[in-house]
1. Whole-Hz Karplus ³J(HN,Hα) for region 147-158, in order, using 6.51 cos²θ - 1.76 cosθ + 1.60 and θ = phi - 60°, x for Gly and Pro?
2. Take the residue pairs Lys145/Lys176; Lys90/Lys132; Lys90/Lys160; Lys4/Lys89; Lys19/Lys113 and return only those whose Cα atoms are more than 20 Å apart.
3. Solvent-accessible area of Ser187, probe 1.4 Å, all protein chains present, reported in Å² to the nearest ten, please.
4. Of Ala32, Gln8, Gly47, which is farthest on the positive side of the dipole of region 1-50, counting Cα position, with +1 on Lys and Arg Cβ, -1 on Asp and Glu Cβ, and the Cα centre as origin?
5. Give me the net charge of Leu22's neighbourhood, meaning all other residues with Cβ under 11 Å from the Cβ of Leu22; Lys, Arg count +1, Asp, Glu -1.
6. Taking the full set of protein chains and a 1.4 angstrom probe, give the accessible area of Thr133 in square angstrom, rounded to the nearest 10.
Amino acid sequence: MQQKLIVQVVIGYMYKVLKNNLDTSDFKNEFAAIRHGDYFDFIKLIGKKIDFIVVYNSGLIDNDVNIKKDDIDYVGLIKSGESLIEFYKKCYLKFGEINDSDLPDLYFEKATKFELGLRMSLNNKKLKKERKTLENVINEISTLKRLTDLETKKLHKGRKFLNFIKRPQKLKSDWKTVSSDFDNAYSILIDRGLTIE
């Protein structure tokens, strides 16, 4: 069995909080930062110390335990580990155990890997990081990876599934249909090497 990433557990939990219409205003900035892959802001907001890390990149060894704006996404994700755990504790203390009646936890966690995988794949190709909508991220990834129109359309259906989790009142069909669409979108991420694992 594949080991879970702390980020998929934490953001997956927050997606479940959103889907169940619980008030996330106390964690709005932190959640927005981590969802968009803005590890610099996330760590600054949480304020947890970064564990010792050694990074080898282009012939250089770096063991800086501070987050830098120009850290590549993978390094930022690793450095945010302790902050993610702290964030999860705070959220869990407020919301407790949540049992969703429509979707198993697996979908919330895969939705996390879907969004972060796309964002990370794009951010690692760009010289300048900027917050973009997931719609624009998908469009840019489609161009960079030369995805077919059908693949792009499926990724956008996966994005819509994520939007329904964030705003469940907008769902006009049923969870079984949109989760099937999401499964198709997620398989494209795997086929195209766009995952965070």
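1. 6, 6, 4, 5, 4, 5, 4, 5, 4, 5, 5, x
2. Violating the 20 Å limit, Cα to Cα: Lys145/Lys176; Lys90/Lys132; Lys90/Lys160.
3. My reading of the accessible area for Ser187 is about 50 Å².
4. Gln8
5. Result for the local shell: +1.
6. Here the accessible area works out near 80 Å².
The values are calculated or read from the model by the stated rules, or taken from the named source; none is laboratory data. This one's a predicted model, so the numbers in the text were calculated from it and none came from an experiment. Backbone-built Cβ (ideal geometry, glycine too); neighbour counts: all protein chains shown. For accessibility, only protein heavy atoms count, side chains too; no ligands or nucleic acids. Shrake-Rupley method; radii C 1.70, N 1.55, O 1.52, S 1.80 Å.
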